[in-house]
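Note sheet for the following structure.
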Protein chains: 2
Amino acid sequence: MKQKIVFLKEEEIPRQWYNIAADMPTPLQPPLHPGTGKPTVPDDWAPIFPMNIVEQEFSTERWIDIPEEVLEKLLIWRPTPLVRAYALEKELGTPAKIYYKNESVSPAGSHKPNTALAQVYYNKEAGIERMTTETGAGQWGSALSFACSLFKMPLKVYMVRISFDQKPYRKILMNTWGAECVPSPSADTNFGRQVLEETPDTPGSLGIAISEAIEDAVSAKVNTKYSLGSVLNHVMLHQTIIGLETLKQLEIFGDYPDVVIGCVGGGSNFAGLTFPFIRDKIYGKEVRVVGVEPTACPTLTKGPFLYDFGDTAATTPLLTMHTLGHTFVPPPLHAGGLRYHGCAPLVSQLVMDKLIEPLSINQVDCYNAGVQFARTEGIVPAPETNHAVAAAVAEARKAKEEGVEKTIVFNLSGHGLLDLSGYEKHLNGELEEYSLPDEEIQKALTVLEPYPKPKV
Amino acid sequence: MKQKIVFLKEEEIPRQWYNIAADMPTPLQPPLHPGTGKPTVPDDWAPIFPMNIVEQEFSTERWIDIPEEVLEKLLIWRPTPLVRAYALEKELGTPAKIYYKNESVSPAGSHKPNTALAQVYYNKEAGIERMTTETGAGQWGSALSFACSLFKMPLKVYMVRISFDQKPYRKILMNTWGAECVPSPSADTNFGRQVLEETPDTPGSLGIAISEAIEDAVSAKVNTKYSLGSVLNHVMLHQTIIGLETLKQLEIFGDYPDVVIGCVGGGSNFAGLTFPFIRDKIYGKEVRVVGVEPTACPTLTKGPFLYDFGDTAATTPLLTMHTLGHTFVPPPLHAGGLRYHGCAPLVSQLVMDKLIEPLSINQVDCYNAGVQFARTEGIVPAPETNHAVAAAVAEARKAKEEGVEKTIVFNLSGHGLLDLSGYEKHLNGELEEYSLPDEEIQKALTVLEPYPKPKV
């Protein structure tokens, strides 16, 4: 029997995260203060994040030790398996070899707990007594609830109201882990009350929820900090354990990829798998790295590289990102985790440096690939993950047309067991292909005209 | 750092299942024909199951090879990890060591795919072109849909109507894997139409659903067979891979259990973990084996050992079981998988021979233990699994009281991500403790008076 799956032993789990800031050909341009427009210093971030996390955000150390206390918790499900998709290959009739890194086996069903555990640990270490965050589709809120539970850290999650109402199971899951979860806008913050007064029937938005979570953190009586599940450097860092494990596992398979693929919203699962491979590429190895996003929210493929805010209310530092503008509201999309107006500065810079190829795929093609994967390899991918599956399938088909053997690795970033309604719509033929028109992008970007521009 | 998790390598996966029939001190008494009351021969089972499965059902071979084609599919997620629950131990302040076998990492979220894959493979081998089954809570229907998908076997699932209406996500999941799923009673069978005519508003029952699935199988134009997810010998057999892996993993931990625990409905996850340990026990090793059921459906603790039917309509062969009578309708219970009137003949006989200790726990204590587990070890267990968690916690508490070190192993048979509504009720204080009164059991058992009795 040919090798199908590689598990690493406990003692083979990576002990350090990889920080790509140490190897990037073009360093990141500094985040700018939202008030002054001048480069931020660590103290500017202190009201929101504890200093140990802020230091990590600014670090250019190549290797950063994973604390023992974090490792212990990661070992509940890590190292995750790397699996060869023989049945999918056969179905496609491709000469390509397809591998997937199965991050869906975590207790929250996705890669998100990798950074959630690290962030909660650092907050605990810094003496923080309570945390807040926002969640859209619910993956991040679930993962942070899981992590806070294990470190006995109280947590309040502001969940975009429309998701809160449509996905009651996400709230129960967070409650089971002991977290509080309220629909946003809520009556619990000044900003929430203001929004409710002006638009009582609003479905809410990620921007509003972020604003509420930050207001809560900076104004709470107990020592409270905020946590973000993607976009920032320290989040990308914590996810690199995915790619570092994958490198070891590919060695056991006796293989090395021609192309590495991940789906991209804020960028964290993508960065987690690919940054260790991009390091190889920087040092001369031949490997293609593909980041896949929806055609309905084409940040990397159509958004320019500009300074923009992380949130809709324009209160965070300005970051260099491929962006559609912070007031852009992406169309409803079943891959809720990919509905972000911007993208991680690290990922955005690496796209500028042509170390990452961006690609956009419409949701119908993504669900087709997801169903094909479920019916051959057996795992029902998260709607977000379907973008990576679709790109892997496209690469495998190209390999067949060209008659070349090729090794493809993609990140199976999560399962879809808590997000099945998109599959129902797809199977009923109710999903539509949709690409965001260029004129809408141009309109959305006018909001950025007054702000400083990065050097290109 | 102390060892937290043991993964086995692909080459360490067991290549044979363990058949406890070869080692039982008291052999099973023969199944009886429902019409004649005489011992059945393999041919009596042929209309429902393919002969290769019937042969396995009657086999007394100790070790049975796992076909390569089944192994290949099991390797999508197996071998599953064995994990030490340090955080739970600490929370309980117990000197006991607690290990759990994590079967929740399968694509369907439970242990059920272990037998689903084997059964579909044998049906395919026997030239069967289509399969049917029933499902109550949805775990088995999902698992068989998953397996049928991988072997390209058409499947129709009759799902108890009340679950079908209350759990729409289960149906979407089965559809995603390509299976058809209809509410039972349905208009697709004679029996279903008859029930609908008599009681149009019936919520359905497992008994009705089994009858429909069997009628469909025996009367379909294409070569169709029926599949059962628990109770029968071949199902227990396919699940023993769980315990065989666990034995190897405990060896790596350098440990051997004082007590092994599983929850019991039909008996398959319990048998899967414990039969290899019961073998050790038969050959002189000291180990306690505890089967845990709900006080609301106390088959093993309160049901007598009798001949009974597997289904409510009394059409299957009569099997020797601890039973509450085939017409007994268990009260609504969030652990839907434990609402079966009887228990596997193999498990029932081993209880008679005092190789298994039965135990019943009420659902409030079970959910308390499940929440404690979720908040320390991070995995939200399935409602059924909470019974095993509760028994493990009780053993660990006893160890603390007695001041003895003790090694406890339990089967984390599935996660609860698709069955969260029970957690919601529990967290809201809406669940009630309930024990089935003895007089109800006596009443339910009168249905068995006309039938033959087993030798005791």
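The values are calculated or read from the model by the stated rules, or taken from the named source; none is laboratory data. Keep in mind that what you see is a predicted model, and the values were worked out from it rather than measured. Quick reminder, even Gly has a Cβ in these numbers, built from the backbone with ideal geometry, and neighbours come from all protein chains shown. Remember, those area values only see protein heavy atoms, side chains included, never the ligands or the DNA or RNA. Shrake-Rupley method; radii C 1.70, N 1.55, O 1.52, S 1.80 Å.
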Answer yes or no as to whether residue B:360 is touching an Asp or Glu at 6+ places or on another chain (Cβ under 6 Å) and small (Gly, Ala, Ser).
yes
Set B:71, B:75: member being within 15 Å of residue B:240 (Cα to Cα), surrounded by fewer than 22 Cβ atoms within 10 Å (Cβ to Cβ) and touching a residue at least 12 places away in the same chain (Cβ under 8 Å)
B:71
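Can you list the helices (runs of 4 or more DSSP H) found entirely within the range A:215-284 that contain at least 2 residues being open to solvent by 30 Å² or more (accessible area, probe 1.4 Å) and more than 20 Å from residue A:71 (Cα to Cα)?
On the way: elements: A:233-239, A:241-253, A:268-282.
By residue number, A:241-253, A:268-282.
Kindly check whether there is at least one residue in the range A:379-391 that is surrounded by fewer than 24 Cβ atoms within 10 Å (Cβ to Cβ) and within 14 Å of another protein chain (Cβ to nearest Cβ). Lay out the reasoning, then the answer.
We begin by selecting, within the range A:379-391, every residue surrounded by fewer than 24 Cβ atoms within 10 Å (Cβ to Cβ); these are none.
No, the conditions are met nowhere in the range A:379-391.
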How many of the residues making up the range B:34-54 are in contact (Cβ under 8 Å) with a residue 60 or more places away in the chain and touching a Leu at 6+ places or on another chain (Cβ under 8 Å)?
3
Select from the range B:3-38 the residues that are in contact with a strand residue (DSSP E or B) (Cβ under 6 Å, 6 or more places away or on another chain) and in a strand (DSSP E or B) and write down the one among them that is nearest to residue A:68 (Cα to Cα).
B:5
When every residue in the range B:169-214 that is open to solvent by 60 Å² or more (accessible area, probe 1.4 Å), closer than 22 Å to residue B:108 by Cβ and of a type outside the set (Ser, Thr, Tyr) is compared, the one nearest to the other protein chains (Cβ to nearest Cβ) is B:171
Pick from the range A:416-437 the residues that are assigned to a loop (DSSP other than H, G, I, E, B) and open to solvent by less than 10 Å² (accessible area, probe 1.4 Å): which of them is farthest from the other protein chains (Cβ to nearest Cβ)?
A:436
What are the residues in the range B:296-323 that are under 24 Å from residue B:259 (Cα atoms), open to solvent by less than 20 Å² (accessible area, probe 1.4 Å) and of a type in the set (Ser, Thr, Tyr), if any?
B:299
Checking residue B:90 against (1) open to solvent by 30 Å² or more (accessible area, probe 1.4 Å); (2) over 30 Å from residue B:394 (Cβ atoms); (3) within 13 Å of chain A (Cβ to nearest Cβ), which test does it fail?
(2)
For the range A:109-158, how many residues meet the condition of being within 13 Å of chain B (Cβ to nearest Cβ), assigned to a strand (DSSP E or B) and over 14 Å from the mean Cα position of the chain (by Cα)?
1
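I'm trying to understand the selection: among the residues of the range B:389-415, which are closer than 25 Å to residue B:106 by Cα, of a type in the set (Gly, Ala, Ser) and not in a loop (DSSP other than H, G, I, E, B)? Write out each step before concluding.
Within the range B:389-415, the first condition is being closer than 25 Å to residue B:106 by Cα, and the residues that meet it are B:389-393, B:408-415.
So of that shortlist, the ones also of a type in the set (Gly, Ala, Ser) come out as B:390-392, B:413-414.
Scanning the range B:389-415 gives B:390, B:391, B:392, B:414.
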Within the range B:149-160, is even one residue modelled with pLDDT under 95 and either touching a Leu at 6+ places or on another chain (Cβ under 8 Å) or surrounded by fewer than 18 Cβ atoms within 10 Å (Cβ to Cβ) (or both)?
yes
Mind listing whichever residues of the range B:8-44 are within 14 Å of chain A (Cβ to nearest Cβ) and either hydroxyl-bearing (Ser, Thr, Tyr) or open to solvent by 50 Å² or more (accessible area, probe 1.4 Å) (or both)?
B:11, B:12, B:15
